[in-house]
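One structure below.
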Amino acid sequence: MIEKSVGLTETKYFTIEEKLKFECGELFGPITVAYETYGRLNPSKDNAILVVHALTGDAHAAGYHSESDMKPGWWHDMIGPGKAFDTDKYFVISSNILGGCKGTTGPSSINPETGEPYGISFPVITIEDTVEVQKRLVDYLGVKALLSVAGGSMGGMQALQWSIAYSDMVKSAIIIASTSKLSAQGIAFNAVGRNAILSDPDWNDGNYYNQEKKPDRGLSIARMVGHITYLCEGAMHNKFGRRLQNKVNPDFSMDIDFQVESYLQHQGEVFVDRFDANSYLYITKAVDYFDLGKKYGSLSEAFKNTNSKFLIMSFNSDWLFPTAQSKEMVNALMNLNKTVSFCEIDSPCGHDAFLLEYETQTKIIKSFLKDIKND
């Protein structure tokens with residue numbers, strides 16, 4: 001289990017005592033940040049890489065929490081000795097996003113002023129806000145410069161924001177299956193998920209933490225909708241086809257007939273055991289709001305002052321964040337004579353490919369980081 005792994009890891013915590021001003025205008029604090037690190041910061045402190053997670057990830061990106069732990073971190077195949085983010089060479093930092101429910105302050109955290117969970121009194125957050133929180137963590141760890149900031153999907157949005165807000169300290173950004181703005185279709189899927197939660201009678205205006213029932217049904221449906229977008233038509237066909245679930249003929253009832261129905265129901269059921277419905281509302285809103293072109297006037301204006309070098313990767317079967325959106329960023333950077341490498345990877349896995357196609361990604365990322373380190 002431990003071979004080619006960072007081995008046993010521990011989630012640690014750091015608290016920002018002062019209040020930060022969020023984009024919504026609200027001053028908020030204190031903020032606790034859950035994080036893990038892998039590898040060692042070298043004496044010159046120039047080998048740090050920040051990896052940032054997608055919508056429902058957490059700080060536990062690699063390794064195991066105990067000898068009996070059967071489930072490694074979410075990017076275990078990419079972080080470790082000899083892997084894409086080689087912990088023999090690099091000091092890798094991973095943290096849970098602001099608004100999350102895995103250790104970093106979010107809606108389920110206790111408001112020190114009331115002694116009760118924040119619920120929907122938690123301020124509306126943005127990708128920009130969570131990067132500001134991550135910056136405080138990086139400072140706390142004594143890291144003055146980042147060799148790279150890397151992430152897939154929503155993690156790519158955070159990496160983009162890092163490359164713009166702190167380009168002098170971010171040598172490179174690795175953007176995988178991501179975008180500078182969510183499409184109308186992407187916002188629509190998030191809206192359906194949020195409405196499933198909001199319409200669950202157990203949501204109770206977000207105040208469910210002290211009640212027996214939580215909005216599990218709504219959160220489960222939100223997860224089911226999300227999973228449809230993480231796959232693609234081909235991946236679903238190959239995985240399920242029209243096969244029935246444990247039966248030869250349909251029941252002619254409203255019970256589950258097809259394997260794909262059973263799969264989605266299972267994904268929804270296991271998700272409610274590890275995620276908070278209010279966090280889902282807040283984080284999907286942050287994803288919807290992210291729009292570099294609108295914020296800066298254009299993508300060219302957004303990237304105009306960045307000193308970072310970019311590796312942008314997409315997957316040809318990803319219809320949630322399609323290759324065209326990656327090329328839009330590549331073209332904007334090229335027109336500014338910025339350094340950018342681009343690769344579209346052939347994969348049948350849809351949007352989830354950034355979590356699955358690790359062999360191809362490893363070759364590309366290792367080569368990119370080698371060039372960046374030697375630059």
Does the stretch 332-351 contain any residue that is under 17 Å from the mean Cα position of the chain (by Cα), in contact (Cβ under 8 Å) with a residue 24 or more places away in the chain and farther than 30 Å from Lys214 by Cα?
-> yes
Give the stretch 31-60 a look and list any residue that's buried (at least 19 other Cβ atoms within 10 Å of the Cβ) and small (Gly, Ala, Ser), or say none.
-> Ala34, Gly39, Ala48, Ala54, Gly57, Ala59
Do you know which residues across the stretch 252-308 are touching a strand residue (DSSP E or B) at 6+ places or on another chain (Cβ under 9 Å), within 28 Å of Leu198 (Cβ to Cβ) and among the charged types (D, E, K, R)?
-> Asp291, Lys294
So how many residues does the stretch 272-288 have that are surrounded by 20 or more Cβ atoms within 10 Å (Cβ to Cβ) and either over 19 Å from Val52 (Cβ atoms) or hydroxyl-bearing (Ser, Thr, Tyr) (or both)?
-> 8
Within the stretch 74-125, the residues that are acidic (Asp, Glu), under 26 Å from Lys214 (Cα atoms) and outside any loop (DSSP other than H, G, I, E, B) are Glu116
Of the conditions (1) in contact (Cβ under 8 Å) with a residue 12 or more places away in the chain; (2) under 30 Å from Ser121 (Cβ atoms); (3) out of contact with any helix residue (DSSP H, G or I) (no Cβ under 8 Å at 6 or more places or on another chain), the single one that Arg242 does not satisfy is (2)
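For every residue, the table says whether it meets (1) in contact (Cβ under 8 Å) with a residue 24 or more places away in the chain; (2) open to solvent by 10 Å² or more (accessible area, probe 1.4 Å); (3) among the charged types (D, E, K, R).
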site	(1), (2), (3)
Ala62	yes, no, no
His65	yes, yes, no
Ala84	yes, no, no
Asp88	yes, yes, yes
Phe91	yes, yes, no
Asn96	yes, no, no
Within the stretch 46-65, is there a residue that is more than 20 Å from the chain's Cα centre (by Cα) and of a type in the set (Ser, Thr, Tyr)?
-> no
May I ask you to say which residue of Leu41, Leu55 is in contact (Cβ under 8 Å) with a residue 24 or more places away in the chain, in contact with a strand residue (DSSP E or B) (Cβ under 9 Å, 6 or more places away or on another chain) and among the hydrophobic types (A, V, I, L, M, F, W, C)?
-> Leu41
Would you pick out the residues in the stretch 174-222 that are farther than 24 Å from Cys232 by Cβ, open to solvent by less than 20 Å² (accessible area, probe 1.4 Å) and assigned to a loop (DSSP other than H, G, I, E, B)?
-> Asp200, Tyr208, Pro215
In the stretch 84-128, the residues that are closer than 22 Å to Ser44 by Cα and touching a Ser or Thr at 6+ places or on another chain (Cβ under 6 Å) | Ala84, Ile93
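The values are calculated or read from the model by the stated rules, or taken from the named source; none is laboratory data. Fair warning: this is a prediction, and the values are worked out from it, not measured in the lab. Methodologically, a virtual Cβ is constructed for each residue, glycine included, from the backbone with ideal geometry; neighbour enumeration extends over all protein chains shown. To get the accessible areas, we keep the full protein, side chains included, count just its heavy atoms, and leave off ligands, DNA and RNA. Shrake-Rupley method; radii C 1.70, N 1.55, O 1.52, S 1.80 Å.
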